[in-house]
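**Q** My questions all concern the structure below.
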Amino acid sequence: PLSKRSPEPGLVALLPGSRKQEIKRMLPVMLEMPERFPDLNFVIAGAPSQTEGFYKNIIGDKRVSLVQNETYDLLTRAETAIVTSGTATLETGLYGVPEVVVYKAHPISYLIGKRLMKVEHMSLVNLILNRRAVPELLQGLFNPDDLASTLQDLRKQEKREELTQDFV
């Protein structure tokens, strides 16, 4: 790992991406988790390019915190993370944080991309390791039920240890 980690039990980092449309598509599904896991502490790592007000409009009254310009500090403290596919998945892996990688593109964009790209994995961690080291929930699999199930699995000690072994 890049940094000495001091994971806080129950702290889940939410990294919903950096572009407005992406965040609007990803964050609402992520925001279903606090209701399903009332014992966990969910913290959104806000993208520097977006305002606090932008996030607050999406968050509404959900039980979640928002930090701006503190992503790396959050990753040193997170027990687990839900991360939108992109460079953040690699950064999260380099910090040794067990993560689930998520992504949902516009259906037409997804179909075009699927035809053009012939890869087995979407996350940078899995692409670099050339195997499924972190779970990926893409397109229709990125829904509240599958996300909750995967997050529950990530919280198991043996699963966290298995995933972090891949990051060493």
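The values are calculated or read from the model by the stated rules, or taken from the named source; none is laboratory data. Model, not experiment: these values are computed from the prediction. Quick reminder, even Gly has a Cβ in these numbers, built from the backbone with ideal geometry, and neighbours come from all protein chains shown. What goes into the accessible areas is simple: the full protein's heavy atoms, side chains included, and nothing from ligands, DNA or RNA. Shrake-Rupley method; radii C 1.70, N 1.55, O 1.52, S 1.80 Å.
**Q** How much area per residue is accessible in region 1-104 when the probe is 1.4 Å and only protein heavy atoms are counted (Å²)?
**A** It amounts to 44 Å² per residue over region 1-104.
**Q** Here's another thing I want to ask about it. Please list, ordered by chain and number, the residues whose modelled amide H lies under 5 Å from the amide H of LEU66; skip anything fewer than 5 residues away on the same chain.
**A** ILE44
**Q** Name the residues whose placed amide hydrogens come within less than 5 Å of the amide hydrogen of THR84, ignoring near sequence neighbours (fewer than 5 apart) on the same chain.
**A** Distant-sequence amide H within range of THR84: LEU15, GLY17, VAL102.
**Q** Check ASN41: other-chain or 5+ apart residues with amide H under 5 Å from its amide H, H built from backbone geometry?
**A** Amide H neighbours of ASN41, under 5 Å, 5+ apart: LEU11, VAL12.
**Q** Among residues other than PHE54 whose Cβ falls under 10 Å from its Cβ, what is the net charge (Lys/Arg +1, Asp/Glu -1)?
**A** With Lys, Arg at +1 and Asp, Glu at -1, the neighbours total +2.
**Q** Of the GluC sites (Glu not before Pro) in region 46-101, which ones lie in a loop per DSSP and count no more than 14 other C-beta atoms within 10 Å?
**A** Hits after loop and neighbour filter: GLU70.
**Q** What is the mean projected area of the alpha carbon convex hull for region 1-86, to one decimal in square nanometres?
**A** 5.5
**Q** Report the rotationally averaged projected area of region 8-52 based on its alpha-carbon convex hull, in square nanometres.
**A** Hull-based average projected area comes out at 3.3 nm².
**Q** Just to check I understand the Karplus step: with θ = phi - 60° and J = 6.51 cos²θ - 1.76 cosθ + 1.60, what whole-Hz values come out for region 59-70, glycine and proline as x?
**A** Whole-Hz 3J(HN,Hα) from phi for region 59-70: 5, x, 9, 5, 7, 8, 9, 10, 10, 10, 6, 9.
**Q** Can you list the HN-Hα couplings for region 36-53, worked out from phi with the Karplus curve (6.51, -1.76, 1.60; θ = phi - 60°), rounded to whole Hz and with x for Gly and Pro?
**A** Result, rounded to whole Hz: 7, 10, x, 7, 9, 10, 9, 10, 8, 8, x, 6, x, 7, 10, 7, 4, x.
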